[in-house]
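The values are calculated or read from the model by the stated rules, or taken from the named source; none is laboratory data. What you see is a predicted model; the values in this text were computed from it and never measured. Cβ placement follows ideal geometry from the backbone for every residue including glycine, while neighbour counts extend to all protein chains displayed.
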Amino acid sequence: MRVILTRFLLFVCAGCAFTARAADSQFSAFGTLGYSKTDSVYADYRLARNAQFSAGKHGSSVLDTRLGVHSKVTLFDTMSVVGQVLVRRNSIDEVEWSTPWAYLHWQPDVQYEMLLGRFRHSLFMITDEMDIGYAWPWVRPPVELYSLVGDASYVDGLKLRYRNTLGNYTAAIEGHFGTVHIDRAPRIVIDNHKNYGVAVSLSDGTVTYRASLVQADVSIAAQGLNGIVQQINQQFPSILHEYSVTNVSPQRYVNLGIRYEDGQWLLLSEVSRLWLRTRMLPNKWAYYLTLGRSIEEFTPYVTVANQQMTDFSAENRLTGNLASIIEKFEQNSVTEQFAVALGLRWDFTAGMALKMQIEQIRQPANSLGIQTRVLPAGQHHYVLSSVALDWVF
Amino acid sequence: MRYCVCCLFCVLFSSFVMGKTQLAVIVSSESTIAKIDAAALQAVFLGLLTQEPELRALKPLDLSTGDTRDFFYQNLVGRNRHQMQSYWSRMSFTGRGTPPQEVTPEHLMSELVKNPALIAYLPIENVSTGMKVLMLIP
């Protein structure tokens, strides 16, 4: 049903784009060309714990490079079709065409909106513009927070948005309900049988406050996880429910954010907490704080970001080979890291920005961080240098 | 690293200088709107909601990229042309709003007097008959 709905909407988008010649059509594009390298052969930086690609000592463009096309076809005064095609590297290191946006948009007046189809979930401050590098100050959103959700960044379903004024602020509340299906078999298949969320925001053009909650009923089929769960089922069925990754209900994410931008000063901050309800996926919380100052076309900024695990307790009920497997799995699941980044955004011409960022990433002694390798004993930090060219057209 | 931090803070706390002129915020003389305050004008030109329902129907017009437009946004919301472009990329690529229609000064003057739903800005010396001035900037 979900696949049929998505294909139908994509078909509608394409059909409208070709046939509605009299309608008002807008096409735009965006992209990023990035390059990053670490200062250590023991550090291969990546965007999320499950990402199969990284940038190491010898440098790589894989982290941030992407290309997208966005279209909006207005059918009537109140109705339009919006689609976005994105080409980028997915978590299993394949260059993939995806459609993060493909929806029918109905806006009967300025206060009410309805989106039917595929859209971004409502969790983070910049989830909506997640791939539009030109829209934000950094080379990339702080991975300490933005890696919490992983692959499930868009939802197939219905989103409703209501706006009104509250003093000089525009207040908005939006809710969504839908499903998520990510098929990267045989490595991983993720299903959100239900994905629903609500976000409220207040904005006056200078400052925006935002709070959101997203919940999902999740099933994961992954080579590594399912093998371990099967062994637990065979040897210790009484604790299987704690490790199950099938019909985990509900996984919950909460986010609070603030954005202040007065033309000279820029402040961006978010804090997120998640409860994943299975011992196979540790609970975490994360935050970042960015402070920047705009001077003409330059925006230097500093960012601190942190990701930490919560509610973690080592498993001591298992025995034998399974106990050592779980112990190793738990050690590999510790992704805590703290980053301090200095960066500069240079808007050197209309619609293009060059960004440079250097960050020091610190890992606690027991943590592997979000990177792929293991730092040598006694070394707890490394430096990542990045440049990115962002553009919109 | 210490050198980088020093450079960053020197840049962060340096001053910002801006030129001077005066713009008129205008609607058609047939418009029923008699006044608008800075907060409402910001909301109109940033695609946000205004408290007054009659202002919500206003459609803002932008001049094509240039000094007049830069001066308008610098004084109204404190942002330069790059910051405004970044703002609208955030809004338009996510379906949350579309930037004001861009027109030439000649087109603006001819369209505005005919359509009471439009609001725009011009150097004060370009204001002509058929236009009503709601506000002066700065």
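Which ones in segment A:47-69 are among the basic types (Lys, Arg) and either at pLDDT 90 or above or surrounded by fewer than 18 Cβ atoms within 10 Å (Cβ to Cβ) (or both)?
Correct list: A:57, A:66.
Consider segment A:312-371 and keep the residues that are of a type in the set (Asp, Glu) and in a strand (DSSP E or B). The one that is nearest to the other protein chains (Cβ to nearest Cβ) is A:347. Pairing residues of segment B:47-66 that are on the phi > 0 side of the Ramachandran plot with residues that are outside any loop (DSSP other than H, G, I, E, B) and hydrophobic (A, V, I, L, M, F, W, C), at Cβ distances under 7 Å and at least 6 apart in sequence or on separate chains, gives B:47/B:91.
Name the residues in segment A:90-146 that are among the aliphatic types (A, V, I, L, M) and more than 16 Å from the chain's Cα centre (by Cα), would you?
Narrowing segment A:90-146 to residues among the aliphatic types (A, V, I, L, M): A:92, A:95, A:102, A:104, A:110, A:114-116, A:123, A:125-126, A:130, A:132, A:135, A:139, A:143, A:145.
Of everything in segment A:90-146, those that are among the aliphatic types (A, V, I, L, M) and more than 16 Å from the chain's Cα centre (by Cα) turn out to be A:95, A:102, A:104, A:110, A:114, A:115, A:116.
Residue pairs whose Cβ atoms lie under 7 Å apart, sitting 6 or more positions apart in sequence or on different chains, and linking a residue in segment A:267-279 that is under 18 Å from residue A:215 (Cβ atoms) to a partner that is among the charged types (D, E, K, R) and assigned to a strand (DSSP E or B), are A:274/A:252; A:274/A:284; A:275/A:252.
Here's the yes/no breakdown for (1) surrounded by 22 or more Cβ atoms within 10 Å (Cβ to Cβ); (2) free of Cβ contacts under 8 Å to residues at least 60 places away in the same chain; (3) β-branched (Val, Ile, Thr); (4) assigned to a loop (DSSP other than H, G, I, E, B):
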position	(1), (2), (3), (4)
A:71	no, yes, no, no
A:76	no, yes, no, yes
A:81	yes, no, yes, no
A:125	yes, no, no, yes
A:134	yes, no, no, no
A:139	yes, no, yes, yes
A:144	yes, no, no, no
A:159	yes, yes, no, no
A:162	no, yes, no, no
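Scanning segment A:344-391 for residues that are farther than 16 Å from residue A:303 by Cβ, touching a helix residue (DSSP H, G or I) at 6+ places or on another chain (Cβ under 8 Å) and at pLDDT below 95 gives A:350, A:351, A:366, A:368.
Each residue in segment A:263-278 was checked for being at pLDDT 95 or above and within 14 Å of chain B (Cβ to nearest Cβ), and 4 of them qualify. Just one of the listed residues (A:309, A:280) is crowded, with 19+ Cβ neighbours inside 10 Å, among the aliphatic types (A, V, I, L, M) and within 21 Å of the chain's Cα centre (by Cα), namely A:280.
The set of residues in segment B:28-66 being within 18 Å of residue B:109 (Cβ to Cβ) and of a type in the set (Asp, Glu) consists of B:30, B:62. Taking the numbered list (1) at pLDDT 90 or above; (2) under 23 Å from residue A:264 (Cα atoms) in turn, residue B:103 passes all entries but (2). Of the listed requirements (1) over 30 Å from residue A:318 (Cβ atoms); (2) assigned to a loop (DSSP other than H, G, I, E, B); (3) aliphatic (A, V, I, L, M), residue A:172 misses just one: (2). The set of residues in segment B:119-138 being closer than 23 Å to residue B:54 by Cβ, under 13 Å from the mean Cα position of the chain (by Cα) and surrounded by 15 or more Cβ atoms within 10 Å (Cβ to Cβ) consists of B:119, B:120, B:121, B:122, B:135, B:137. Close Cβ contacts (under 9 Å, 6 or more residues apart or on different chains) running from residues in segment A:344-360 that are closer than 22 Å to residue A:37 by Cα to residues that are modelled with pLDDT under 95 and β-branched (Val, Ile, Thr) comprise A:344/B:11. In this entry, residue B:87 passes the filter for residues that are in contact (Cβ under 8 Å) with a residue 12 or more places away in the chain, buried (at least 20 other Cβ atoms within 10 Å of the Cβ) and closer than 30 Å to residue A:31 by Cβ. Pick from segment A:192-212 the residues that are within 15 Å of residue A:174 (Cα to Cα) and surrounded by fewer than 19 Cβ atoms within 10 Å (Cβ to Cβ): which of them is farthest from the chain's Cα centre (by Cα)? Out of the qualifying residues, it is A:202.
Would you call residue A:154 at pLDDT below 90 and surrounded by 19 or more Cβ atoms within 10 Å (Cβ to Cβ)? In short, yes.
Considering only residues of segment B:59-73 that are under 10 Å from the mean Cα position of the chain (by Cα) and closer than 14 Å to residue B:41 by Cβ, which is surrounded by the most Cβ atoms within 10 Å (Cβ to Cβ)?
B:72
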